[in-house]
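Notes follow the structure.
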Amino acid sequence: MKTEIGFIGSGNMAEAIMAGIIKTGLCKAECIIASDKSRDRIDYLGRSLGIKAASSNKEVFETSKVIILSVKPQNMKEILEDIRPEANTSEKKIIISIAAGVQISFIESVLYSNIEKKNEKQFPVSRVMPNTPGLAGAGMTGICFNRNISDLDAETVKNIFGSMGKTLICSEPDMDGITAMSGSGPAYVFYFMESMISAGKELGFSDDESLLLTLETIKGAVKLMETQNEAPESLRKKVTSPGGTTEAAIKHMESAGVKTEIVKGIIAASSRSKELSKLLSN
């Protein structure tokens, strides 16, 4: 029986994508098939989401119209060698990789190795960078495509990842920046929240009180920015009265170079993404 979407690798991000697809009605659970090194993991997803379990990666590839490669970057070559189409295969399948740092050219070099040039268009490739808030249906996903993606294929990929949040279509060179901004971005926010919670405890609040004050303040600030449709600089200035408490905090952070170092840190993440892509492609 043919399925709509197949997953090779079924970790937390794959589970988030599956859940989003099912919740939004994009695809029924029984039309999703998945493989994983851990049989327990597949059994769990079968019980919790109702998806089908595959006996092998090859079964996922052969029975699905869309194949999502949710594997560790260092395992990508082995997986691609396992599933790559035979010389006479021409049935169309969309290949999506969420493996960080693995370039489209690398995927093509293995995936297309057995087939004629004219059949490559039957296996369009998309490289995708989702982030962990997708686990809560609030993800931000960067998407790029190879030359074989049609408009309809692109819409399919956007719909899949739109089921777990927002999407941004970009060129592949921009993926390092996407990785640094939204892929790693949640960690920066959590790091700031750690700092706020620590400050709360220094000020005499309990762990629970510090968490509550921090979490609701962050949520409220994001909600305000969304509803007011104003730049963060403008909203910050509205809170910062001359000679007041907020100004005292901002001045201290500015004198310590906090904003400058945050920018440098994000750029460092992008540079590291470029380095890792080169290592994985060699």
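Given the conditions (1) touching a Pro at 6+ places or on another chain (Cβ under 9 Å); (2) of a type in the set (Asp, Glu); (3) buried (at least 18 other Cβ atoms within 10 Å of the Cβ), report the number of the one that Glu91 does not fulfil.
Result: Glu91 passes all but (3).
Listed here are the residues, each with its yes/no results for (1) free of Cβ contacts under 8 Å to residues at least 24 places away in the same chain; (2) assigned to a loop (DSSP other than H, G, I, E, B); (3) outside the structural domain of Thr89 (by TED's automatic domain parsing).
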position: Ser109; (1), (2), (3): yes, no, no
position: Asn114; (1), (2), (3): no, yes, no
position: Lys121; (1), (2), (3): no, no, no
position: Pro133; (1), (2), (3): no, no, no
position: Gly142; (1), (2), (3): no, no, no
position: Leu152; (1), (2), (3): yes, no, no
position: Val157; (1), (2), (3): no, no, no
position: Phe161; (1), (2), (3): no, no, no
position: Lys166; (1), (2), (3): no, no, no
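Mind listing whichever residues of the stretch 264-278 are over 16 Å from Ile104 (Cα atoms), surrounded by fewer than 13 Cβ atoms within 10 Å (Cβ to Cβ) and charged (D, E, K, R)?
Lys264
Scan the stretch 184-192 and give yes if some residue there is modelled with pLDDT of 95 or more and farther than 26 Å from Glu15 by Cα, otherwise no.
Step one: of the stretch 184-192, the residues modelled with pLDDT of 95 or more are 184-192.
Narrowing the set further to residues that are farther than 26 Å from Glu15 by Cα leaves 192.
Yes, the stretch 184-192 contains a residue that is modelled with pLDDT of 95 or more and farther than 26 Å from Glu15 by Cα.
Please go through the stretch 168-180 and pick out each residue that is under 15 Å from the mean Cα position of the chain (by Cα) and either under 18 Å from Arg272 (Cβ atoms) or part of a loop (DSSP other than H, G, I, E, B) (or both). Spell out the reasoning first.
Residues of the stretch 168-180 under 15 Å from the mean Cα position of the chain (by Cα): 168-170, 172, 174-180.
Listed by number, the residues that qualify are Cys170, Glu172, Asp174, Met175, Asp176, Gly177, Ile178, Thr179, Ala180.
The values are calculated or read from the model by the stated rules, or taken from the named source; none is laboratory data. Because the structure is predicted, anything quoted here is derived from the model rather than measured. When we count neighbours, we look across all protein chains shown, and the Cβ atoms used for this are built from the backbone with ideal geometry, even at glycine.
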